[in-house]
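Here, each number is a calculation from the coordinates, and none is a lab measurement. This is a predicted model, so every value here is computed, not measured. We place every Cβ from the backbone using ideal geometry, glycine too, and count neighbours over all the protein chains shown.
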Amino acid sequence: MKQRAAVLLDAHRRVRKAAQIGVRGVRVEPWLPADLLGLIVFLPLGGG
């Protein structure tokens, strides 16, 4: 998770620099343990 946070922070900094937006104050912190926000199950309609 910490490695993914570092990659995400680097990506944000590159985009903000390319867009000529200030990069100060941007930070990314992983919240451990990760939460499950949702679960989607796709089922066939059946019939036919």
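Observations on the model:
- Rounded to whole Hz, the Karplus (6.51, -1.76, 1.60) HN-Hα couplings of region 37-42, x for glycine and proline: 8, x, 9, 10, 10, 9
- Between 0 and 90°, nearest 10: helix 2-18 axis offset from the chain longest Cα axis: 60 degrees
- When mean projected area of the Cα convex hull in nm² is calculated for this entry, the matching label among [x] 6.4; [y] 5.2; [z] 5.0 is [x].
- Residue (of A18, G46, A5) at the positive-pole extreme of the chain, dipole from beta-carbon charges: A18
- Cα-centred dipole magnitude for the chain, charges only on beta-carbon of K, R (+1) and D, E (-1), debye, nearest 20: 420 debye
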